[in-house]
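Below is one structure, written out as structure tokens; the observations come after it.
The values are calculated or read from the model by the stated rules, or taken from the named source; none is laboratory data. The shown structure was predicted, so the numbers you read here are calculated from the model rather than taken from an experiment. With ideal geometry, Cβ positions are generated from the backbone for all residues, glycine too; neighbour counts draw on all protein chains shown.
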Amino acid sequence: MEKKDLLSEKDNFILNLLNNNYSKETIYNYTRDLSLFETFLSFNNFRFKDIDKKTIVLFKDFLRSGKYFEILKDDRSKLHNFAKDDVGKLSSRSINRILSSLRSYLKYLIEFDIKTPITPEMVKLIKTERKESQVAEMSELIRLIEFPSLYEKDKIVGARNRAILELLFSTGMRISELVSLNREHINDEGKIYVMGKGKKQRFVYLTSRAIKYIFEYLSLRNDEYPSLFAPLRGGRNGHTNQRISTNYIQDRISFYRKKIGIVVPTSAHSLRHGFATYLAEEGANPAAIQILLGHESLQTTNKYVHASDKYAEETHRKFHPLQSV
């Protein structure tokens with residue numbers, strides 16, 4: 001199908017986002033999500049100008065059923081872009097993010113007086129699952145963080161991966177923020193200046209323990225690459241200056257979790273979640289946690305600092321007025 005039958009204004013839409021100073025991550029997400037919609041149109045031989053409410057229903061099924069995975073399974077580069085953490089099955093929140101991207105594209109068309117076959121309101125979001133956020137027990141997270149040092153045969157890989165996990169849990173930073181760090185961002189004071197979502201700037205803080213393992217890793221490096229965490233494949237021979245990828249980090253965390261036997265699904269985001277949860281359980285002010293996480297609103301932070309089941313039980317036993325017989 002020719003491009004004119006797909007999203008012909010996609011490039012201009014992305015350019016408009018760039019001109020309005022949207023973050024690199026946000027632009028990447030819009031590009032990825034709209035490309036997936038184009039894949040759906042092309043696969044079904046649909047013309048964009050002919051889409052209607054029924055087309056959106058079919059698109060939702062395309063996402064929920066994992067049909068997109070079958071189409072793209074031979075193109076690993078695109079699979080890395082589309083829901084790599086849950087290949088073949090997208091969560092309702094991921095689907096809604098994709099649908100929201102399509103809505104934004106339709107709003108752009110209307111704003112610039114470009115004919116659109118449906119209005120943004122016709123793209124209905126799906127009902128999301130209501131489930132309690134879970135985070136592994138503190139003892140399990142400690143085992144996970146320490147595991148690379150014990151498991152990895154390559155000393156540098158073990159030191160690097162241990163330092164990555166120490167840093168994630170020490171600061172609560174996002175994985176995208178971590179991979180963008182340079183060596184110059186690390187100092188003995190343990191105070192790091194990061195650029196977060198929406199180009200929101202903040203400081204995060206390393207524990208003494210995290211500083212120790214980061215510098216131990218750096219002492220093993222014999223390259224001059226500026227990136228704090230560098231891939232070893234090719235790097236030892238000076239063939240690459242690429243940063244370590246988020247996919248690699250997520251894959252290793254998943255592997256470590258399974259090796260250890262942690263039941264609760266655990267990812268880089270889970271370490272950020274655990275950082276907030278256990279700070280809250282120690283009595284940290286939610287407003288301070290909000291600043292450390294780089295959240296725009298306290299409401300977002302409250303999703304992270306929910307009390308664990310264990311903490312809730314202890315609170316009930318300690319404070320309920322009719323606890324005594």
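With respect to the conditions (1) modelled with pLDDT under 90; (2) assigned to a helix (DSSP H, G or I); (3) among the aliphatic types (A, V, I, L, M), Ala163 lacks only one, and its number is (1). When the stretch 279-297 is filtered for residues that are surrounded by fewer than 18 Cβ atoms within 10 Å (Cβ to Cβ) and either outside the structural domain of Val179 (by TED's automatic domain parsing) or touching a residue at least 40 places away in the same chain (Cβ under 8 Å) (or both), the ones remaining, listed by number, are Ile291, Glu296.
Okay, residues lined up against (1) surrounded by fewer than 19 Cβ atoms within 10 Å (Cβ to Cβ); (2) charged (D, E, K, R):
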site: Leu181; (1), (2): no, no
site: Phe215; (1), (2): yes, no
site: Arg221; (1), (2): yes, yes
site: Gly261; (1), (2): yes, no
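Checking each residue in the stretch 94-135 for being modelled with pLDDT of 85 or more and part of a loop (DSSP other than H, G, I, E, B) picks out Phe112, Asp113, Ile114, Lys115, Thr116, Pro117, Ile118, Thr119, Val123, Lys124, Leu125, Ile126. Would you confirm, using the coordinates I've provided, whether Thr300 is polar (S, T, N, Q), surrounded by 15 or more Cβ atoms within 10 Å (Cβ to Cβ) and either modelled with pLDDT of 75 or more or within 27 Å of Asn247 (Cβ to Cβ) (or both)? Considered against the rule, which asks whether it is polar (S, T, N, Q), surrounded by 15 or more Cβ atoms within 10 Å (Cβ to Cβ) and either modelled with pLDDT of 75 or more or within 27 Å of Asn247 (Cβ to Cβ) (or both), Thr300 comes out as no.
Under the condition of being modelled with pLDDT of 90 or more and charged (D, E, K, R), which residue from the stretch 1-32 is farthest from the chain's Cα centre (by Cα)? This residue is Glu9.
Here is a check on your reading of the model: is Ser77 of a type in the set (S, T, N, Q), assigned to a helix (DSSP H, G or I), in the same structural domain as Lys49 (by TED's automatic domain parsing) and at pLDDT below 90? So Ser77 fits the description; yes. Is it true that Met173 is in contact with a helix residue (DSSP H, G or I) (Cβ under 9 Å, 6 or more places away or on another chain), modelled with pLDDT under 95 and surrounded by fewer than 17 Cβ atoms within 10 Å (Cβ to Cβ)? So Met173 fails the test.
For first residues located in the stretch 94-118 and farther than 14 Å from Leu7 by Cα, partners that are in a helix (DSSP H, G or I) and lie 6+ apart or on another chain with Cβ distances below 7 Å form the pairs Ile95/Lys60; Ile95/Leu63; Ile95/Arg64; Arg97/Asp33; Ile98/Asp33; Ile98/Leu36; Ile98/Leu63. Within the option set Tyr248, Tyr311, being among the hydroxyl-bearing types (Ser, Thr, Tyr), modelled with pLDDT under 85 and farther than 21 Å from Thr207 by Cβ holds for one residue only, Tyr311.
For the stretch 142-156, give me each residue that is closer than 13 Å to Lys259 by Cα and in a helix (DSSP H, G or I). If the condition is that a residue be closer than 13 Å to Lys259 by Cα and in a helix (DSSP H, G or I), then Arg143, Leu144, Ile145, Glu146, Phe147, Pro148, Leu150, Tyr151 are the ones that fit.
Test Arg183 against the criterion of being among the basic types (Lys, Arg) and at pLDDT below 95, and give yes or no. Yes. Among the conditions (1) outside any helix (DSSP H, G or I); (2) under 26 Å from Arg143 (Cα atoms), Ile253 misses just one, which is (1).
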